[in-house]
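The next block holds one structure in the form of structure tokens; read it before the comments.
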Amino acid sequence: MATQQREVVETDLQGSLKLVARGKVRDVYEIDENSLLFVATDRISAYDVIMKNGIPQKGALLTSLSEHWFNYLSSQIPTLSTHFLSSKLPDSLLTKVNATEAAQLQGRSMQVRRLQIFPIEAIVRGYITGSAWKEYCEHGTVHGTKMPAGLQESQKLPEPIFTPSTKAEVGGKDENISKEKAAEIVGQDAIKKIEQLSLDLYNKAAEHALKTGIIIADTKFEFGFDPTDPSTVILVDEVLTPDSSRFWPADKYGVGRGQDSFDKQFLRDWLTREGLKGQEGVAMPADIVARTHEKYVEAFERVTGRKWGAGAA
């Protein structure tokens, strides 16, 4: 079974394709001047720190779930433009790698359009939790914007809100910023388009997920643009995965407390309990790895309606 595979924490195509970048999760390779290969490894980060070991098959789960969302959201928003091209490996790579290497890459790779990336993260919050809840408790604001008095932890907001952050390099820390600061970074026209598209995507996804018993409390989108047509905002990177979103089980939801989750909040909570928050080189014990894997699988199965297994990847 696929769940017995060892984790893949780093890929090395040994010159078959040029390595462009290694992110917190993805290794990015150049296919040609117009396209890239995103390879989702099994690395996992929490509090902007990558863990020493990974979660087996996490990369394949993220890739398959992102592909599901790209297809679903494109059907709901006909004007949506994405970077996704194919989940198949490029022919130019298959002629250069052996069967073992191809098998390792299959299911965790996406061919995508090569674009310029806006240097912000577009966060949409439908519920108040995490860093937003902490800021609200201290200042009554979220990303510097005054919020209604009397909100409780995990409460649904009157309307989803757009709350951008900076996009840090690997090893750096993302910083929550105001919409005004985001506009200074990417331009006023771009931030208006990013905000509206982010809210539209969140609303469509949240409505769909709720039918499967999942509350999407918040999520992070990233966007890019084609330099030949900079007016078009294009959805990129992973989409609505447990790495980029807070997924809560709707049947266990309750206001005024933290929530059970299908995402890496479980890992964050463990790090905090053990006094390991923000520390480098942390190795997760086997039970944390297994529980995190189970949560990612359940999120995939609920959202897609498909069983996860050897055929799912």
With respect to Val186, is the statement that it is over 19 Å from the mean Cα position of the chain (by Cα) and free of Cβ contacts under 8 Å to residues at least 40 places away in the same chain true?
no
Just to check your reading of the model, which residue among Gly224, Gly275, Gly213, Gly256 is open to solvent by 10 Å² or more (accessible area, probe 1.4 Å), in contact (Cβ under 8 Å) with a residue 12 or more places away in the chain and out of contact with any helix residue (DSSP H, G or I) (no Cβ under 6 Å at 6 or more places or on another chain)?
Gly256
Of Arg26, Arg6, Arg22, the only residue that is charged (D, E, K, R), more than 27 Å from Ser131 (Cβ to Cβ) and either out of contact with any strand residue (DSSP E or B) (no Cβ under 7 Å at 6 or more places or on another chain) or modelled with pLDDT under 95 (or both) is Arg6
Apart from one, (1) among the acidic types (Asp, Glu); (2) more than 23 Å from Val97 (Cα to Cα); (3) buried (at least 16 other Cβ atoms within 10 Å of the Cβ) all hold for Asp48; the odd one out is (3)
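In the list Val236, Val186, which residue meets the criterion of being open to solvent by 10 Å² or more (accessible area, probe 1.4 Å) and either among the aliphatic types (A, V, I, L, M) or closer than 18 Å to Pro158 by Cα (or both)?
The unique qualifying residue is Val186.
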Where residues in the range 29-47 are modelled with pLDDT of 90 or more and part of a loop (DSSP other than H, G, I, E, B), which of them is nearest to the chain's Cα centre (by Cα)?
Ile44
Suppose we keep only residues that are open to solvent by less than 30 Å² (accessible area, probe 1.4 Å) and of a type outside the set (A, V, I, L, M) within the range 20-37. Which one would you say is nearest to Val97 (Cα to Cα)?
Tyr29
On the given criteria, is Ser74 among the polar types (S, T, N, Q) and under 28 Å from Glu294 (Cβ atoms)?
no
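The values are calculated or read from the model by the stated rules, or taken from the named source; none is laboratory data. Everything numeric in this text was worked out from a predicted model, so none of it was measured. Every residue, glycine among them, receives a Cβ derived from its backbone with ideal geometry; neighbour counts consider all protein chains shown. These accessible areas exclude ligands, DNA and RNA; they are computed on the full protein's heavy atoms, side chains included. Shrake-Rupley method; radii C 1.70, N 1.55, O 1.52, S 1.80 Å.
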